[in-house]
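S.K.: Below: one structure in structure tokens.
The values are calculated or read from the model by the stated rules, or taken from the named source; none is laboratory data. Bear in mind the structure is a predicted one, so any value in this text is a computation, not a measurement. Cβ: placed from backbone, ideal geometry, glycine included. Neighbour counts: every protein chain shown.
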Amino acid sequence: MLRVAIVGSGPSGFYAAEALLKSSSVEVDMLERLPVPYGLVRYGVAPDHPKLKLPAMAYARTAAMPGFRFVGGVTVGRDVSVSELQDAYHAVVFCAGAETDRELGIPGEELPGSYAATELVGWYNGHPDYLQRNFDLTQERVVIVGHGNVAADVCRILAKPVDALRQTDIAKHALKTLSASRVREIYLIGRHRPVQAKFTDKELRELGEIPQASISLDPGYLELNPSSTAEAEDPRGQVAAWNMMLLREFAARAASTAQRRIHLRFLESPVALYGEDRLEGVILERNRLEGPPFGQRAHGSGDTLRLDCGLLFRSVGYKGVPIPGVPFDTPHGIIPNQQGRVIQGKSPLAGLYCAGWIKRGPSGIIGTNRADAVETATHLLSDFAERDCLPSKAGASTLLPLLSDRGLRCTDFQDWLKIDAAEIARGAAAGKPREKFVRVQDMFGAISDRAAV
Amino acid sequence: MTTVVTDNCDLCRFTDCVTVCPMVCFHGDDKMLYIDPVVCIDCGACLPVCPVRAIYEVKNLPPEKHHWIAINAERSAALQLVTDKAQPLPGALERKKQLGF
């Protein structure tokens with residue numbers, strides 16, 4: 001029996017588990033820091049994108065495969081070390097994702113009022129670590145730095161009338177704060193031109209379909225420089241071409257008296273945040289783009305302007321966090337690897353693997369991780385192809401008593417199903433698909449309540 | 001709303017799309033693949049990985065390709081799932097060049 005520990009229960013963890021379990025004589029124990037699984041599918045996908053959460057159904061089918069075990073409530077590197085996992089399992093696959101955010105690295109970034117978009121996302125999605133965040137939505141002007149889909153999500157959630165969010169699985173505390181929101185102007189700032197924006201056309205289109213909100217941009221940006229024209233006409237630029245059509249349509253709309261206004265800004269980079277005790281604004285530098293198609297780079301021109309605002313969200317990428325005992329490539333925020341085999345210097349470290357964002361960086365969408373995880377699993381299975389000569393490893397028979405001795409209370413997949421059912425039942429009363437438990441102790445309470453029935 | 005495979009897949013059948021689908025949407029015959037509109041969540045993962053850009057979201061489908069919506073719905077209902085990457089059809093690489101990719 002080949003015994004594998006997977007660290008992380010998001011998409012890459014489940015696709016790795018599925019690929020491994022398709023092989024015979026494999027057991028997979030999936031370790032997760034929180035009591036509940038699914039990673040960004042539960043805590044990253046926006047509440048008003050319910051279809052994008054449906055991959056969880058595929059993960060539940062994987063969890064039902066023989067040989068699968070879920071162990072929630074254990075932090076690898078703190079509650080159990082990687083070397084202890086290697087004692088108990090033949091292989092460990094790190095699928096921990098990219099838990100933190102990239103900073104702008106500019107003065108004033110620490111001012112109250114300046115946050116990472118990922119913090120707001122965790123907050124409105126009910127992640128237990130973000131429950132205590134206080135976002136002052138009485139501020140009228142919000143700046144979002146970044147032109148990707150996370151920036152679009154944050155913009156959309158802040159721009160939508162709160163009634164449009166009431167019947168989603170958004171966290172109750174977020175709904176309460178959003179109902180008192182006085183946000184009026186939202187600036188989406190990007191350092192490049194429209195063709196280089198990373199929004200997918202679907203997300204950009206949604207920004208133009210928000211009730212009681214207008215969207216505008218300087219029509220001057222609709223003229224493309226030669227490199228951008230080439231990018232938009234290339235097959236790789238299909239999304240950019242669709243985005244340009246949308247932006248032309250936005251620019252042609254009549255001026256509106258909408259309650260909330262979204263301003264798309266291009267060729268600007270924040271160089272400093274200012275404010276006395278809290279954020280009062282951002283200094284933006286205008287950029288020039290130079291370079292060949294698909295290689296254009298933004299260069300500061302030295303011209304700056306001030307944009308007053310009381311709330312700023314940087315949305316310039318997630319970033320991976322090192323796991324104690326495992327090599328880490330700090331500049332890229334990933335575990336150094338060759339196609340998923342963890343390496344130290346140039347040599348693979350026996351028994352250690354990775355998949356998903358911690359392997360290739362925080363890019364791509366949910367499904368991108370499937371091909372990635374299958375690549376890792378294929379190499380793992382080939383490295384352990386000689387099953388007859390495997391030393392025996394005890395897996396969960398070692399791990400679970402060890403965790404219990406350390407005073408940890410862990411969950412299994414049946415516990416998650418009880419939490420899941422309780423969340424759905426609570427949500428039904430409010431017309432929501434679920435009302436998430438946002439405190440870990442409430443998740444454990446739901447398990448006990450169900451057991452008592 | 002859904003996502004559909006269109007004519008460029010015919011005679012190619014690269015199956016790169018299958019490797020990035022977070023659900024299980026793809027069905028296939030020996031000529032090409034089709035997306036099950038009931039299961040597809042429009043996540044968009046398959047569009048950029050197709051070597052011949054055969055896949056479109058219905059919202060962006062050119063009018064002359066609209067008949068592919070019905071074809072994908074009918075064929076996916078009648079055919080087996082394709083869940084693993086397979087060899088492309090013989091001649092796929094030439095067809096890819098002919099299509100301009």
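S.K.: Please count how many residues of segment A:6-30 are assigned to a helix (DSSP H, G or I) and among the polar types (S, T, N, Q). Don't jump to the end; show me each part of the working.
M.R.: Within segment A:6-30, the subset assigned to a helix (DSSP H, G or I) is A:11-21.
After this cut, where a residue has to be among the polar types (S, T, N, Q) as well, the list is A:12.
The qualifying residues number 1.
S.K.: Of all residues in segment A:363-382, which are part of a loop (DSSP other than H, G, I, E, B), over 13 Å from B:VAL49 (Cα atoms) and facing another protein chain (nearest Cβ under 8 Å)?
M.R.: Going through segment A:363-382, the residues part of a loop (DSSP other than H, G, I, E, B) turn out to be A:363-367.
Adding the requirement that they be over 13 Å from B:VAL49 (Cα atoms) leaves A:363, A:366.
Result: A:ILE366, single match.
S.K.: Tally up the residues in segment A:246-257 that are surrounded by fewer than 16 Cβ atoms within 10 Å (Cβ to Cβ) and among the aliphatic types (A, V, I, L, M), please.
M.R.: Filtering segment A:246-257 down to residues surrounded by fewer than 16 Cβ atoms within 10 Å (Cβ to Cβ) leaves A:248-249, A:252-257.
Among the residues that remain, those that are also among the aliphatic types (A, V, I, L, M) are: A:252, A:254-255.
Residues flagged as surrounded by fewer than 16 Cβ atoms within 10 Å (Cβ to Cβ) and among the aliphatic types (A, V, I, L, M) within segment A:246-257 amount to 3.
S.K.: Check whether at least one residue in segment A:388-396 is at pLDDT below 95, charged (D, E, K, R) and out of contact with any helix residue (DSSP H, G or I) (no Cβ under 6 Å at 6 or more places or on another chain), and report yes or no.
M.R.: yes
S.K.: For the structure I just gave you, tell me whether A:ALA241 is touching a residue at least 12 places away in the same chain (Cβ under 8 Å) and surrounded by 16 or more Cβ atoms within 10 Å (Cβ to Cβ). Show your work before the answer.
M.R.: Details: touching a residue at least 12 places away in the same chain (Cβ under 8 Å): no; surrounded by 16 or more Cβ atoms within 10 Å (Cβ to Cβ): yes.
Considered against the rule, which asks whether it is touching a residue at least 12 places away in the same chain (Cβ under 8 Å) and surrounded by 16 or more Cβ atoms within 10 Å (Cβ to Cβ), A:ALA241 comes out as no.
S.K.: Now, a different point. Could you check segment A:20-38 and list, in sequence order, the residues that are within 13 Å of chain B (Cβ to nearest Cβ) and in contact with a Phe, Trp or Tyr (Cβ under 9 Å, 6 or more places away or on another chain)?
M.R.: Hit for segment A:20-38 is A:TYR38, nothing else.
S.K.: Touching a residue at least 60 places away in the same chain (Cβ under 8 Å) and over 13 Å from A:LEU20 (Cβ atoms): which single residue out of A:LYS393, A:LYS346 fits that description?
M.R.: Numbers: A:LYS346 fails: touching a residue at least 60 places away in the same chain (Cβ under 8 Å).
None of the other options fit; the residue is A:LYS393.
S.K.: If you scan segment A:220-233, which residues turn out to be crowded, with 17+ Cβ neighbours inside 10 Å, aliphatic (A, V, I, L, M) and part of a helix (DSSP H, G or I)?
M.R.: A:ALA232, the sole residue that qualifies.
S.K.: How many of the residues in segment B:56-85 are more than 10 Å from chain A (Cβ to nearest Cβ), within 20 Å of A:PRO55 (Cα to Cα), crowded, with 18+ Cβ neighbours inside 10 Å and not hydroxyl-bearing (Ser, Thr, Tyr)?
M.R.: So the answer is 1.
S.K.: Considering only segment A:266-281, state which residues are surrounded by 19 or more Cβ atoms within 10 Å (Cβ to Cβ) and either outside any strand (DSSP E or B) or in contact (Cβ under 8 Å) with a residue 40 or more places away in the chain (or both).
M.R.: Filtering segment A:266-281 for residues surrounded by 19 or more Cβ atoms within 10 Å (Cβ to Cβ) gives A:266-270, A:273, A:279, A:281.
Residues satisfying the conditions are A:PHE266, A:LEU267, A:GLU268, A:SER269, A:PRO270, A:LEU273, A:LEU279.
S.K.: Would you confirm whether any residue within segment A:424-445 is modelled with pLDDT of 95 or more and farther than 22 Å from A:PRO128 by Cα?
M.R.: Yes, that holds for at least one residue.
S.K.: Ok, one more. Suppose the filter is more than 18 Å from A:CYS155 (Cα to Cα), of a type in the set (Lys, Arg), in a helix (DSSP H, G or I) and away from chain B (no Cβ under 14 Å); does A:ARG236 pass it?
M.R.: Working: more than 18 Å from A:CYS155 (Cα to Cα): yes; of a type in the set (Lys, Arg): yes; in a helix (DSSP H, G or I): yes; away from chain B (no Cβ under 14 Å): no.
Taking the combined requirement at face value, the residue does not satisfy it.
S.K.: Ok, one more. When segment A:408-429 is examined, which residues are found to be touching a residue at least 60 places away in the same chain (Cβ under 8 Å) and either farther than 22 Å from A:MET30 by Cβ or among the hydroxyl-bearing types (Ser, Thr, Tyr) (or both)?
M.R.: A:THR411, A:GLY427
S.K.: Test of understanding: among A:ARG78, A:ARG102, A:ARG42, which residue is out of contact with any Ser or Thr (no Cβ under 6 Å at 6 or more places or on another chain) and farther than 24 Å from A:SER315 by Cβ?
M.R.: Numbers: A:ARG102 fails: farther than 24 Å from A:SER315 by Cβ; A:ARG42 fails: farther than 24 Å from A:SER315 by Cβ.
Unique residue meeting the criteria: A:ARG78.
S.K.: Next question. Can you tell me which residue is farthest from the chain's Cα centre (by Cα) among those in segment A:162-197 that are in a helix (DSSP H, G or I) and polar (S, T, N, Q)? Steps first, please.
M.R.: Step one: of segment A:162-197, the residues in a helix (DSSP H, G or I) are A:162-164, A:172-179, A:194-196.
Next, only the ones that are polar (S, T, N, Q) stay: A:177, A:179, A:196.
Numbers: A:THR177: 22, A:SER179: 25, A:GLN196: 21 Å.
Here the answer is A:SER179.
S.K.: Out of segment A:350-374, which residues are surrounded by fewer than 18 Cβ atoms within 10 Å (Cβ to Cβ) and modelled with pLDDT of 95 or more?
M.R.: Result: A:ALA350, A:GLY361.
S.K.: Right, next: Tell me whether segment A:307-321 contains one or more residues that are surrounded by 15 or more Cβ atoms within 10 Å (Cβ to Cβ), in a strand (DSSP E or B) and of a type in the set (Val, Ile, Thr). Full working, then the answer.
M.R.: Step one: list which residues in segment A:307-321 are surrounded by 15 or more Cβ atoms within 10 Å (Cβ to Cβ), which gives A:307, A:309-320.
Pick out the ones that are also in a strand (DSSP E or B) and you get A:307, A:311-314, A:318-319.
Restricting the remaining residues to those that are of a type in the set (Val, Ile, Thr) gives none.
No, there is no match, as no residue in segment A:307-321 is surrounded by 15 or more Cβ atoms within 10 Å (Cβ to Cβ), in a strand (DSSP E or B) and of a type in the set (Val, Ile, Thr).
S.K.: In addition: Go through segment A:317-371 and report how many residues are closer than 25 Å to A:ASP87 by Cβ and polar (S, T, N, Q).
M.R.: Result for segment A:317-371: 4.
S.K.: Please state which one of B:CYS50, B:CYS9 is more than 13 Å from chain A (Cβ to nearest Cβ) and under 12 Å from the mean Cα position of the chain (by Cα).
M.R.: Working: B:CYS50 fails: more than 13 Å from chain A (Cβ to nearest Cβ).
The conditions single out B:CYS9.
S.K.: Look at A:ILE343 and say whether it is in the same structural domain as A:GLN86 (by TED's automatic domain parsing), touching a Pro at 6+ places or on another chain (Cβ under 7 Å) and more than 23 Å from A:HIS90 (Cα to Cα).
M.R.: Details: in the same structural domain as A:GLN86 (by TED's automatic domain parsing): yes; touching a Pro at 6+ places or on another chain (Cβ under 7 Å): yes; more than 23 Å from A:HIS90 (Cα to Cα): no.
For A:ILE343, the condition - in the same structural domain as A:GLN86 (by TED's automatic domain parsing), touching a Pro at 6+ places or on another chain (Cβ under 7 Å) and more than 23 Å from A:HIS90 (Cα to Cα) - is not met.
S.K.: A follow-up question, please. Taking the conditions exactly as written (touching a residue at least 12 places away in the same chain (Cβ under 8 Å), within 14 Å of chain B (Cβ to nearest Cβ), surrounded by fewer than 23 Cβ atoms within 10 Å (Cβ to Cβ) and within 22 Å of A:PRO11 (Cβ to Cβ)), does A:ARG341 satisfy them or not?
M.R.: Working: touching a residue at least 12 places away in the same chain (Cβ under 8 Å): yes; within 14 Å of chain B (Cβ to nearest Cβ): no; surrounded by fewer than 23 Cβ atoms within 10 Å (Cβ to Cβ): yes; within 22 Å of A:PRO11 (Cβ to Cβ): yes.
So A:ARG341 does not fit the description; no.
S.K.: Continuing with this model, one more query. Scan segment B:65-101 residue by residue and report those that are charged (D, E, K, R), closer than 29 Å to A:GLU233 by Cβ and in contact (Cβ under 8 Å) with a residue 40 or more places away in the chain.
M.R.: As a first pass, look at segment B:65-101 and keep what is charged (D, E, K, R): B:65, B:74-75, B:84-85, B:94-97.
Filter once more, keeping what is closer than 29 Å to A:GLU233 by Cβ: B:65, B:94-97.
Listed by number, the residues that qualify are B:LYS65, B:ARG95, B:LYS96.
S.K.: When the residues of segment B:25-39 are narrowed to those that are in contact with a Ser or Thr (Cβ under 6 Å, 6 or more places away or on another chain) and not hydroxyl-bearing (Ser, Thr, Tyr), which ends up farthest from B:THR3 (Cα to Cα)? Explain how you work it out, then say what you get.
M.R.: Quick first cut of segment B:25-39, residues in contact with a Ser or Thr (Cβ under 6 Å, 6 or more places away or on another chain) only: B:27, B:34-37.
Pick out the ones that are also not hydroxyl-bearing (Ser, Thr, Tyr) and you get B:27, B:35-37.
Working: B:HIS27: 13, B:ILE35: 7, B:ASP36: 9, B:PRO37: 7 Å.
Selected residue: B:HIS27.
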